[in-house]
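See below for the structure under consideration.
The values are calculated or read from the model by the stated rules, or taken from the named source; none is laboratory data. All of these numbers come straight from a predicted model, not from anything done at the bench. So basically every Cβ, Gly included, is an ideal-geometry build from the backbone, and we count neighbours across all protein chains shown. Only protein heavy atoms, including side chains, enter the accessible area calculation; ligands, DNA and RNA are left aside. Shrake-Rupley method; radii C 1.70, N 1.55, O 1.52, S 1.80 Å.
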Amino acid sequence: QWWPCKQDLNDKIDSMDILVTTPQPYRVASNGLLVEEKVLEDGSTRYHWQTHYPIAAYLVALGITNYAVYSDYVPVPGHKDIEVLNYVYPENLNTAMTQTSQVVPVMQLYNELFGLYPFAEEKYGHAQFGWGGGMEHQTMTFANSFSFLLVSHELAHQWFGDKVTCGSWQDIWLNEGFATYCEGLCYEHGLGNQDWQEWLKNKINIITSAGSGS
């Protein structure tokens, strides 16, 4: 719940090593690349995650439980495939495997519109956790479930929020505004299961019915 850090949006951490020792059968999901998974003499396992991309303190995370692990891959012309590394509850494995793969065409679209995924030399991923909705931890989104809308929204934050980070919490609406806009872009480009015009109409209705705020 707490760790000592410099909580300054304008001064990102240059790089990180995250080492966690945990009993089996638990696995650790975190930022960057898993550089070592070592079984120790007492039977516990030490996980060593490492990232070399600048990262804001609020985007650092780790999840620990008896995860099932699998990968999807995003083809990128002229670049190695980008791994999408998924850590999900084992009882949800079959459902998750049919849903997380939705991220592949979405990342291909964002790569085309915004430039290559900002952390392409490491990975992207999903870690399932118990809160509602999702949180765009850098290179490893945490999500309760994997609907198309949530997958497309949280991936967009890797560009808008993670790579480009607002300087003040008062501007957090920029992160959310761009990610919501990207949901619509996906539907406009024929991805997902919602009609673009219907999505737009629903957003307008929600906004115009809120009389107490902007």
Largest-first ranking of 112, 83, 188, 41 by accessible area, probe 1.4 Å, whole protein assembly kept, is 41, 112, 188, 83
With axes computed from alpha carbons, what is the tilt in degrees of helix 148-157 against the longest principal axis of the chain, rounded to the nearest 10 within 0 to 90? 80
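Note down the magnitude of the dipole of the stretch 130-214 about its Cα centre, charges +1 on Lys and Arg C-beta and -1 on Asp and Glu C-beta and zero elsewhere, to the nearest 20 debye. Please report the intermediate quantities before stating the final value.
Numbers: 3 positive and 9 negative charges, 16 e Å.
Result for the stretch 130-214 is approximately 80 debye, rounded to the nearest 20.
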I'd like the Karplus ³J(HN,Hα) series for the stretch 120-137: coefficients 6.51, -1.76, 1.60, θ = phi - 60°, whole numbers in Hz, and an x wherever there's a Gly or Pro. 5, 7, 10, 5, 10, x, 10, 10, 7, 9, x, 8, x, x, x, 9, 7, 3
Which sequence of 79, 52 reflects their accessible areas, 1.4 Å probe, from the largest down? 52, 79
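When the solvent-accessible surface of protein heavy atoms is calculated with a 1.4 angstrom probe, in what order do 39, 84 fall, highest first? Can you show the working numbers first?
Details: 39 95, 84 0 Å².
Listed by decreasing accessible area, they come as 39, 84.
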If you place +1 on the Cβ of every Lys and Arg and -1 on the Cβ of every Asp and Glu, how big does the dipole about the Cα centre of the stretch 47-149 come out, in debye to the nearest 20? 100
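Express the accessible area of the stretch 15-85 per residue in Å², computed with a 1.4 Å probe while the remaining protein chains stay in the model. Can you show the working numbers first?
Values: 3560 Å² over 71 residues.
I get 50 Å² per residue for the stretch 15-85.
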How large is the charge dipole for the chain, taken about the Cα centre, if only the Cβ atoms of Lys, Arg (+1) and Asp, Glu (-1) carry charge, to the nearest 20 debye? 180
Choose one of 104, 33, 4: the residue whose Cα lies farthest towards the positive end of the charge dipole of the chain (beta-carbon charges +1 Lys, Arg; -1 Asp, Glu; about the Cα centre). 4
Placing +1 on each Lys and Arg Cβ and -1 on each Asp and Glu Cβ in the chain, then taking the dipole about the Cα centre, the residue among 135, 59, 204 whose Cα reaches farthest towards the positive end is 204
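Tell me which chymotrypsin sites (Phe, Trp or Tyr not before Pro) from the stretch 2-91 have a DSSP coil assignment and no more than 16 other beta carbons within 10 Å of their own.
On the way: sites: 2, 26, 47, 49, 58, 67, 70, 73, 87; in loops: 2, 26, 67.
Those satisfying the criteria are 2, 26.
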Using a 1.4 Å probe, how large is the accessible area of residue 38, given in Å² and rounded to the nearest 10? 90
In whole percent, the fraction of accessible protein surface over the stretch 55-135 that belongs to carbon or sulfur atoms, probe radius 1.4 Å, stands at 53
